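The values are calculated or read from the model by the stated rules, or taken from the named source; none is laboratory data. This structure is a prediction, so every number in the text was calculated from the model and none was measured. When we count neighbours, we look across all protein chains shown, and the Cβ atoms used for this are built from the backbone with ideal geometry, even at glycine.
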Amino acid sequence: MTTRNISAFALLFAVLFIVCGARAEQLGANPEAEALYERGNDYFQGDNGTPINKEEAFNCWKKAAEMGHAPSQHRLAYCYHFGEGVAKDLDKSIEWWRKSAEQGCVKAQFSLAARYYVGAGVEKNLEEAVKWFRKAAEQGHAGAQCNLGFCLFSGKGVTQDKAEAVKWYRKAAEQGCVEAQYCLGLYYQEGSGVGQDNAEAVKRFRKAAEHGHVKAQYCLALCYLTGKGVAQDDAEAVRWFRKAAEQGDLEAQHNLGVLYYNGVGVEKDYTEALKWLRNAAAQGSEKSVLFIKEFYEN
């Protein structure tokens, strides 16, 4: 398992419609703007007995945003970006995210960084992405910490620094970021940016796997199969391969099929073996195709 298997930026567009992290009074809000902000929330989400009306939500946030209310500016940018309550306008979304980010709104900083990273509504600029990821990361945003870690580890938009990357991944993991746990597992296993420690790798893989991270489940299964960092246990390997296979992981499907074929960690079952090998083959696994071919030839 190498670092190329990291599902980089899995968190990047998991920017759901959530409250801006900084408190309004810390961002220079006034009571009128705050009232408009809360009214917009009610209209958008249908809270407090208010019927959902995204156009009215947009109007409330626009008024508050024009008063300099950073959380409303963040919400307004979201509306423009996704066409919620107003016609989609990426230029305006970037304009309002920047206004909010410059006032210190951590969610806006993260959103702006994400757009610079992929070039959504703005020209792609990895250095600018790193700048805003760092600002959000320093305010404790777990997703920004994880993505900053990725940029530092891979040298995207910033001088490569694996030790610094591990520091930010660890901060994100401490906040429960599943992707960061998985990445730390890989780095401990490989000794990249941190001393090699297979037991620590297993610990990190397990934390991510228990939260449904498919690649962590696969890696944990391999650890049990090979006894790397944990007592060798074929049955546990099968259990974690199955979890990853059921989520569609090609390698897990192939390995699970082979284990059923050979009766390793599970009762030998050719029907079950072929099921998983065919699933992997349907996703383009050439080795699964060859295995099935040899199965029928023999």
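You will find that of Gly176, Gly185, the residue that is part of a helix (DSSP H, G or I) and closer than 22 Å to Gln217 by Cα is Gly185 and no other. For segment 1-34, filtered to residues that are exposed (fewer than 13 other Cβ atoms within 10 Å of the Cβ) and at pLDDT 50 or above, the residue that is farthest from Glu138 (Cα to Cα) is Glu32. Which one of Glu66, Glu55 is surrounded by fewer than 17 Cβ atoms within 10 Å (Cβ to Cβ), at pLDDT 95 or above and either within 25 Å of Gly104 (Cβ to Cβ) or of a type in the set (Ser, Thr, Tyr) (or both)? Glu66 is the lone residue from the list that is surrounded by fewer than 17 Cβ atoms within 10 Å (Cβ to Cβ), at pLDDT 95 or above and either within 25 Å of Gly104 (Cβ to Cβ) or of a type in the set (Ser, Thr, Tyr) (or both). Cβ-Cβ under 8 Å, sequence separation 6+ or interchain: first residue in segment 144-161 and surrounded by fewer than 24 Cβ atoms within 10 Å (Cβ to Cβ), partner small (Gly, Ala, Ser) and not in a loop (DSSP other than H, G, I, E, B). Which pairs? Note: pairs meeting the criteria are Gly157/Ala129; Gln160/Ser154.
Restricted to segment 82-147, the set of helices (runs of 4 or more DSSP H) holding at least 3 residues that are closer than 24 Å to Arg170 by Cα, in contact with a His (Cβ under 9 Å, 6 or more places away or on another chain) and not charged (D, E, K, R) comprises 106-118. With respect to (1) closer than 26 Å to Gln181 by Cβ; (2) surrounded by fewer than 24 Cβ atoms within 10 Å (Cβ to Cβ); (3) not small (Gly, Ala, Ser), the lone exception for Glu95 is condition (1). When the helices (runs of 4 or more DSSP H) confined to segment 202-298 are screened for residues that are surrounded by 21 or more Cβ atoms within 10 Å (Cβ to Cβ), hydrophobic (A, V, I, L, M, F, W, C) and without any contact (Cβ under 8 Å) to a residue 40 or more places away in the chain, those reaching at least 1 such residues are found at 214-226, 234-246, 250-262, 270-282.
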